[in-house]
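The values are calculated or read from the model by the stated rules, or taken from the named source; none is laboratory data. Worth saying up front: this structure is predicted, and the values here are computed from it rather than measured. Ideal geometry is used to build each Cβ from the backbone, glycine not excepted, and the neighbour counts take in all protein chains shown. We work out accessible area using only protein heavy atoms, side chains counted, and drop any ligands, DNA or RNA first. Shrake-Rupley method; radii C 1.70, N 1.55, O 1.52, S 1.80 Å.
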Amino acid sequence: MGQPHEERRELQRLSLEKPIAARLGNTEVQIVDLGVIGARVESAGSLPTTLQSTLHFESPRGPITLQCEIVHRAGASRAGLQFISASNGSDETLRRLLADLVTAAIERLRWSGG
C-alpha cells in the first residue's frame, strides 16, 4: 500500500529555509516548499484564479520558468502547484538548484550536530 498523500508530498518537496521570490502569472509570490514535481507558494495578495499558470523565478543556477497547475488552495493566498512542463532547460536548472539546497541543508545539520 502507498503512503498517505500528505506524507508523499513531504518527501517530494524541500521546505526552504529562506523563501524564494517568484511570479505566478502576474502575481508576486514566495516559494516556501520546492521539489522536482511541484511547489507550495504564498502571496501577500490573492493568487490567480486560473487553474494553470507560469511560475518564474531567478536562482543562483539561472532563471527557471515552469508551467504549472494549481492543485490545492489554502485560502486566497496559499497554493500547492504541480509542474506540467519546463521551458529552456528549466527542468535541469531546477534539479541542480534542488541538489544545491539539499547539500546546504545537510551541511547545516552536520555543523549543528543535528
Count, please, the residues in segment 50-87 that happen to be of a type outside the set (Lys, Arg), in contact (Cβ under 8 Å) with a residue 12 or more places away in the chain and not in a strand (DSSP E or B).
6
Within segment 35-59, how many residues are surrounded by 15 or more Cβ atoms within 10 Å (Cβ to Cβ) and either at pLDDT below 95 or farther than 15 Å from ARG23 by Cβ (or both)?
5
Does segment 60-107 hold any residues that are open to solvent by 20 Å² or more (accessible area, probe 1.4 Å), within 18 Å of LYS18 (Cβ to Cβ) and in contact with a Leu (Cβ under 9 Å, 6 or more places away or on another chain), and which are they?
PRO60, ARG61, ARG78, LEU101, VAL102, ALA105
So LEU16 ticks every box in (1) of a type in the set (A, V, I, L, M); (2) part of a strand (DSSP E or B); (3) surrounded by fewer than 15 Cβ atoms within 10 Å (Cβ to Cβ); (4) at pLDDT below 95 but one. Which box is left unticked?
(3)
